[in-house]
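For reference, the structure is listed below as structure tokens.
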Amino acid sequence: MTMPRGIRNNNPGNLRRSRDVWKGLSKEQADPEFCQFITAHDGLRALAIVLLNYQKRHKLGTVRKILTRFAPASENNLSAYIDSVCTRLGKWPDDQIDLMGNRQWLADLMSAIVRHENGIQPYSETEYYRAVDAAINRGE
């Protein structure tokens, strides 16, 4: 069985290619649409940074607002995406979530996004927390 694209690219959040120069980005970017990272940790850290920036820079504080920006309706079944993530989080779409002050919410949101994006959940809770800590500290 072929692994999902996000897992193959070590980009479990399926971050699109952009002008951002992510730490851990592979030198060879063979995928024309999505970033390719050296390790899954690098891809998870980038996802955590994106989600943190949605709260810091754009003041997005609900699952609905975050996912509307992250997974626009022009490319996704946004309603199904929001429902899937909210079910996994045990939250309503318009409940406030504090990703900057609660690393568990950030790790849980990332896990739900990865599951929805890839259809599988290959990473441990520890791997999510390592990525969250690296994003917060902007280190390894």
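Can you tell me the alpha carbon radius of gyration of region 49-124 divided by the globular rule-of-thumb value 2.2 N^0.38 Å?
The value comes to 1.00.
Counting other beta carbons within 10 Å of each Cβ, put S26, S111, S74 in order, fewest first.
S74, S26, S111
How many lysine pairs are close in region 5-137, with Cα atoms under 24 Å apart and the two 8 or more places apart or on different chains?
Lysine pair count for region 5-137: 5.
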Around N9, what is the net charge, scoring Lys/Arg as +1 and Asp/Glu as -1 over all other residues with Cβ under 12 Å from its Cβ? -1
Rounded to the nearest 20 Debye, what is the dipole magnitude of region 1-60 about its Cα centre when Lys and Arg each give +1 and Asp and Glu each give -1 at the C-beta? 300 debye
Global size of the chain as Cα Rg and Dmax, reported in angstrom: 14.0, 40
Could you quote the convex hull projected area for region 82-133, Cα atoms only and averaged over all directions, in nm²? 3.5 nm²
Would you mind checking the tilt of helix 40-56 against the longest principal axis of the Cα atoms of the chain, expressed as 0 to 90 degrees and rounded to 10? 40 degrees
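Determine, for W105, W92, the number of other Cβ atoms within 10 Å of each Cβ, and report the residues in order from fewest to most.
W92, W105
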Going toward the positive end of the dipole of the chain, with +1 on Lys and Arg Cβ and -1 on Asp and Glu Cβ, which of A71, L89, S124 do you reach last? A71
Once you mark the trypsin sites (Lys or Arg not before Pro) that are in a DSSP loop and have at most 15 other Cβ atoms within 10 Å, what is the longest gap between them in the chain? 60-137
Using the alpha-carbon centroid of each, what span in Å lies between region 1-78 and region 88-140? 13 Å
Sorted by Cβ density within 10 Å, fewest first, the residues L25, L78, L15: L78, L25, L15
Net dipole in debye of the chain [+1 Lys, Arg Cβ; -1 Asp, Glu Cβ; about Cα centre; nearest 20]: 380 debye
Over all Cα pairs of region 19-93, the Kirkwood radius sets Rh, and Rg/Rh then becomes 1.01
Where does helix 78-89 land angle-wise versus the long Cα axis of the chain, in degrees 0 to 90, nearest 10? 80 degrees
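Since every read-out is calculated from the coordinates, none of them should be taken as a lab result. Everything numeric in this text was worked out from a predicted model, so none of it was measured. Don't worry about glycine lacking a Cβ; one is built from the backbone with ideal geometry, like all the others, and counts go over all protein chains shown.
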